[in-house]
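Quick notes on the structure that follows.
Throughout, read-outs are computed from the coordinates displayed, never taken from laboratory work. Since we're looking at a predicted model, the values are computed, not measured. Glycine also receives a Cβ, built like all others from the backbone with ideal geometry; neighbour counts cover every protein chain displayed.
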Amino acid sequence: MHEPTPWESESAPSRRSTAEGDFASTAAGDQNTGRSAGELGEDSLLSHRLKLYFASLSCLGGVVLGSGTGMEVLAVTAVFFALFGFVCVDWLKLFALPSIAAYTAMGLAAIYCVSNFIEFDAPNTRQMRVVAELLVFVQAILMLQEKTHRIYEQLGVFCLLQLIVAAVFNNAVNYGLLLVPVAVVGAWALSLLVVLRSSESISASAKESAPSIRCSAGQAKASLESATRRLPWVVLLTVGPAVLLVAAIFFYALPRTTDASQMGKAGKALVGFSDQVRLEQIGKMIQSDRLALRVQLKDNSHQKLYKVAGPLYLRGKVLDRYRPSVRDGLPSAVWVSVPPSDINEYQTLPPEYYPSRMSDKNFYDSIDVRVSSEPMRTPSLFAIAPFHGTQHQQEIMQATDRWTLSRQERMMPTLGWDFPRVTYRFGTHAFRDGVQSEFIARWSKVASWRKADDPSVSPQARQKMRETRLMIEDYNRQYRQILTAYDSDAVPTAARLATTVAESGSPGKRGPYWLARRLETLLRSDSRFGYTLNLDAEPMPGVDPIEQFLAHDQKGNCQYFASALVMMLRSQEIPARLVVGYKTEEYNEIGGYYVARQRHAHAWVEALIDKDDLPQNALVYGQVPSEQYWLRLDPTPGGGGTGQTAGGGVEQVFDLAQNIWEDYVVDMDGSRQKDALLDTGGMSPMSESYARLINSIKLLISRIQAGELGGGSLASGQLFSWPAAMFGVGMTLLVFVLVRIRLPAWIRRKIDTDRPGGAAQPSLPFFAETLEQLGRLGLWRQAAETPAEFTSAASRQIARQRRLSVAEPLALLTDAFYRLRFGPADRRGDDAAVDSLTREALGELKQRIDQIDHQEPRREAADVVSLDGLSHTDTSA
Amino acid sequence: MTTSARDEPRVRHRLTRLGLHFAFVGGFAMLGGALRGLNLLLVLAGMMVGLLFMQWRLCRRSIESVSLRRRVPNEAFAGRPFRVRFRVTNHSRSMPAWMLRIDDPIGSMQRSDRSTASTGIGFLAAKRTATPSYDCVITRRGRYRLGPSTGWTTFPFALAMTRKTNDDQESLDVYPELLDLKRGWQRHLLGRTEGATAAAHRSGANDGEFFALREWQSGDNLRWIHWRTTARKDEPMVRQFEQHRRFDLCLLVDGYLPNDAPDELAEEPAELAISLAATLLTRLVASPANRLTLAVAAQRPQAVSGGSAAGKRHMLGLLSEMKTCCEPNLAEAIEKVSLLFGRAQDLVVLSPRSLEAAGVGRDDELSAALHPWKRGGRLCWINVTDPSVERWISLAGKPAAVGAE
């Protein structure tokens, strides 16, 4: 009969059973050499989570690709296959696509997509769509396969490629918002791939073993897989912020040599205002709720946000000519802008006007305007007249007598692309106490020809000025003809109504200003006329649309009212033109800016009034003195579409997020980078934000110092404050919730292991080892406990909780410790005998604690802190 | 077990397959973003850079702050699991180590058998030590080389792997497989050595160590009656004693391998003889009263003696490294034993062949060498291919060994 060797006798029962179990599982693994990672970890937490995370990644990748790019079908396809694959293949295991079938399907998908690809001659967004389709198809096929390590990796890479393609298509804030869950789930998935890779190859190496050498590490695998629960969170909460920091530094510090731009956005750019605007065009624009502009006003003198008392008019295009036409056999009309001539060609913005009398500054506010315009199909930009240039580098031009802005030529898009998003700045003196001025000087620049008679100017210069003056006078004459062109036969009602109004006033009052105001009031207030967005009015054959509006329908949108007023003014020989743009009152309180949407598109009228005809109280300060002024007239009843209030809080937050996203991500280019990173005292957004934050903190500190916290109640000596009380209760609840939340196991373990700091370590090594062995079970001696108290309590606790007695060796060790440490020298006994005794007892204790450890296979290796020279195998020596 | 000199560990860093994909896609995004001014591509490129940078940093830091030390068992027997432990210490002040894997190559120094054992730790807190281990079963005796061990991790994103290879090669003697000896093996050992009484001395005048109680049988000495139990059970019960015998033996292992050995199957009888020798040796050395000498007749005949733990290891090591051959020189081995330790001990020959097949009678030298023991009846020749060997051991699972002759 074979008797166990000492080595076996100590460790054989537990070790052999464990080892044989491990080898059995290893052998099973050997027989399944071709099995997948999922099968190896059959039904394990790791396997389930990996499948879930990668299915989620597939879903999110498809959603990112589909959202905001007009490819919603692709998003639906990706989500469907991700869910279908997860449920039917990963979860229920109903089927799985074999590799050969998957490769065939991928090949077919590639052929299908490439055949579409080569149909396009020029590079455009459709080719990117084809690429997107290919990505989604291949990802769908991958989801139908049995998941292996390689499949997981491919799913991750395809999700990344989807993000890349989506980044080309979609630069809206929803991309950034979707990037958050993608990043979170992606970090989880990648961290679990670490677990899979580490634990998977333990089996893999065993498979490669020679037949005579078999190895297993069941506990190690359990230890590695036990990280499945907390590793994703650790990675997300500790490594994630670091990754974001590096990414932010990279993004903002990367030298940029090109302007920020965007590809594609086909079908997504706004219509904008071109040189021709059809009568029904604004009516159609108003149907849309899409965001077009964000306008931030800032008072230059106080560096504070500036709010307007009434609506804010943003002029986009000036339309001079009314041109009736026939469309589909029915009468229609187009307002056309006269192209710029040598006189009023596009120029840089005029410098800020400084009045000769300082007191004039009391009659206008100097406002800095920052406009962020969405991508549009036309180059025209939007302005608040009168405007002037600022210190910031400008890439916009102005038409001097139109007071309109446009992009520079180098901002023009290449063929096939829309005009990208742009943010620009200018200054304006158009406001006084929040009211936008209704007068604009005739020209935006000082007319140098006025000095043609100045004797101090050289004769050559005077001659040139005279020629310029002649040219301008000629231009004015021609332009006046255009602005007073009126077909009395086509629109007789306009003249009739205007004449009636003109004749109603007393002769002394019948100036152009008075008449213009009366005509505006007529259209605006007369009950016969009404505002409607209904565009289904049937055009009357042979009748001019304006005439039909004035004489028959008397209902229409702002463009009809403005057109009618222009006709009425022109019938009275008052030069007038149509202005189209946005009129908004929607203010984002959170972001501190005005929002102009398509529904805020508006048309109004400008009448040219001589300076002498202006009323005495007309405020024309802050702009170049002029002989003539443009008078803004808005004849639309009820203010047009601006009556709609601003969006709710959620919408405002979303708008703000979009704004920040565009400011700091999408539109980041060299100049903005310089502004954001290098400038410290300028108007750059980032330094502005920092300054605002610091100011807020300073304000808060000063308020605290002044005792104003709690709504000022503390300052007055009142000891109770409702806000402070609510804050206190809220904080208490928060603390309570935090305390109630169960701490993660690793934190608890850390706390547990740190606990025995107060108790001194025993001086005798064998008893120190004894305590350390007990520490493996989470039992630590407190500072107030004697060794005997501790060991007896520990043996009782182990017997009660683990159902295994360690009392005997523990008592022996404790006794030996007391005898050696505190006993008289003559009773300590033979050193060798005591040494042998304690070693045996310690070995016995360790063996029993090992048994307890084996009863908890999921306990991590990190906890099994054992001592050198005390392992099972060594004790035999 | 011997250990080679330790040098500084080598740390290597490389991207994984997934990391290469990420780097490629990140590079594409960076290029596209920079050339076309597409900021979102640069955002993605930045995230890729962040991922790869943090991967590199944490991966490298984790491995660099961790030290590995292998602890191999003092003895390992073929066919029996043994555990190899690693002492892994995280020297970092604050950073824990995650998902640490250890690969440890194991290879035979005589044959081409190779494998890689692996173990790992999911989490190791800063300033902590853990002892991960792996279990190993080696079915063939011999000397094996362990190492160099490699610690690696792909924490936190599996995009790169940092490996630290320690120069910690160690050799491990895997002793022959231990067999299950049948009951009464000591009696057989005594019986077969015809002069057993001379070899197995009573260890003293007493009756031996108390072993158990049994019913009284005719012939039992009255002194052995256990009166208290007899009173309780109301029938005579006697004490059984385990007799302490002192064996003074020389085990001679015949490392004979047939010349035309086609495969490993032919090695089985010799291996069985070696295993039986190791088993007897292990059991006999356990009692300090016994005196044992081991001689091997193999490619290089050797003889050693010893009763201590070190001597036992020495003898087992000799068996583990013993190389069988077609013409083992039994006579020379016996001669060595005689020269070194005399001829007082009984001789037990463990052979894969019979006495006659070994050439006794034909080979004058061998006959002469064995003559003193034969003459004294102190020779025990155990032919492991003979069915009678089942009196010693259970041959279940070893059919090839028996009847090979």
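Using R₀ = 35 Å, calculate the FRET efficiency as 1/(1 + (r/R₀)^6) where r is the Cβ-Cβ separation of A:Arg496 and A:Asp360; round to 0.05.
Values: r = 42 Å, r/R0 = 1.21.
Plugging the Cβ-Cβ distance into 1/(1 + (r/R0)^6) gives 0.25.
Taking neighbour Cβ counts within 10 Å as the exposure measure, how do B:Ser94, A:Ser274 sort from fewest upward? Provide the component values of the computation, followed by the final result.
Values: B:Ser94 8, A:Ser274 17.
In order of increasing Cβ crowding within 10 Å: B:Ser94, A:Ser274.
Alpha carbon centre of region A:267-322 versus region B:214-240: separation in Å?
117 Å
Would you mind computing, in nm to one decimal, how far apart the modelled labels at A:Glu503 and B:Met109 are, each placed 7 Å from Cα along Cα→Cβ?
12.7 nm
A:Leu699 to A:Asp536: FRET efficiency via 1/(1 + (r/R0)^6), r the Cβ-Cβ distance, R0 51 Å, to the nearest 0.05?
The pair A:Leu699/A:Asp536 has a calculated efficiency of 0.40.
Could you order peptides B:149-159, A:592-602 by the average number of other Cβ atoms within 10 Å of their residues, highest first? Walk me through the numbers before you get to the answer.
Numbers: B:149-159: 26.4, A:592-602: 24.2.
Sorting B:149-159, A:592-602 by mean packing, highest first, produces B:149-159, A:592-602.
To the nearest 0.05, how large is the calculated FRET efficiency for A:Gln851 and A:Ser44 if R₀ is 25 Å and r is the Cβ-Cβ distance?
0.45
Between the alpha-carbon centers of region B:310-382 and region B:102-178, tell me the distance in whole angstrom.
Value for the Cα centre distance between the two parts: 39 Å.
Enumerate the helices in chain B for which the Kyte-Doolittle hydropathy averages -0.5 or more and the C-alpha atoms extend at least 24 Å along the helix's axis, using complete DSSP H runs.
Answer set is B:17-36, B:39-64, B:264-285.
Once every Cα of region B:1-159 carries one equal point scatterer and solvent is ignored, give the base-10 log of I(q)/I(0) from the Debye formula at q = 0.13 Å⁻¹, two decimals.
-0.73
If the chain between B:Arg17 and B:Arg375 were fully stretched, how many nm would it gain, using 0.36 nm times the residue separation less the Cα-Cα distance?
Stretched fully, the B:Arg17-B:Arg375 segment lengthens by 121.4 nm.
Two decimals is fine: what's Rg over Rh for region A:126-242, C-alpha atoms, Kirkwood radius as Rh?
1.10
If a/c stays under 1.5 just call it rounded; otherwise compare a/b with b/c (prolate if a/b is bigger, oblate if not). Do that for region A:515-648, with a ≥ b ≥ c from the square roots of the Cα gyration tensor eigenvalues.
Here region A:515-648 falls in the oblate category.
Which of B:Arg232, A:Arg432, A:Arg570 has the fewest other C-beta atoms within 10 Å, and how do the rest follow up to the most?
Details: B:Arg232 10, A:Arg432 16, A:Arg570 25.
So the residues, fewest neighbours to most, are B:Arg232, A:Arg432, A:Arg570.
What is chain B's relative contact order, in percent, from Cα pairs under 8 angstrom and six or more apart in sequence? Display every interim value, and only then the final one.
Details: 846 pairs, mean separation 58.5, N = 405.
The value is 14 percent.
Once the principal axes of the Cα atoms of chain B are found, what is the range along each, listed largest first in whole angstroms?
106, 65, 36
Between A:Gln797 and A:Val435, what is the label-point separation in nm under the 7 Å Cα-to-beta-carbon projection?
If labels sit at A:Val435 and A:Gln797, their model points lie 8.2 nm apart.
How do B:Ile382, A:Ile384 line up, fewest other C-beta atoms within 10 Å first?
Listed from fewest to most nearby Cβ atoms, that is B:Ile382, A:Ile384.
Once label points are set 7 Å from the Cα along Cα→Cβ at both B:Asn221 and B:Leu340, what is their separation, rounded to one decimal in nm?
My value for the distance between the label points is 3.9 nm.
Please tell me the relative contact order of region B:59-159 in percent, rounded to the nearest whole number, where contacts are Cα pairs under 8 Å and at least six residues apart.
Working: 221 pairs, mean separation 35.3, N = 101.
RCO, region B:59-159: 35 percent.
Stretch A:Arg819-A:Ala724 to full length: gain in nm at 0.36 nm per residue minus the Cα-Cα span?
27.9 nm
Taking 0.36 nm per intervening residue step and subtracting the Cα-Cα distance, what contour gain separates A:Asn617 from A:Ala242 on full extension? It would help to have the intermediate numbers written out before the result.
Values: separation 375, 0.36 × 375 = 135.00 nm, distance 6.21 nm.
So the extension gain works out to 128.8 nm.
Only Cα pairs under 8 Å and at least 6 apart count here; give the relative contact order of region B:241-380 as a rounded whole percent.
On the way: 226 pairs, mean separation 43.4, N = 140.
Worked out over region B:241-380, it gives 31 percent.
Which pairs, out of A:Lys284/A:Lys555; A:Lys93/A:Lys147; A:Lys298/A:Lys583; B:Lys312/B:Lys374; A:Lys51/A:Lys93, put more than 20 Å between their alpha-carbon atoms?
B:Lys312/B:Lys374, as the Cα separations exceed 20 Å there.
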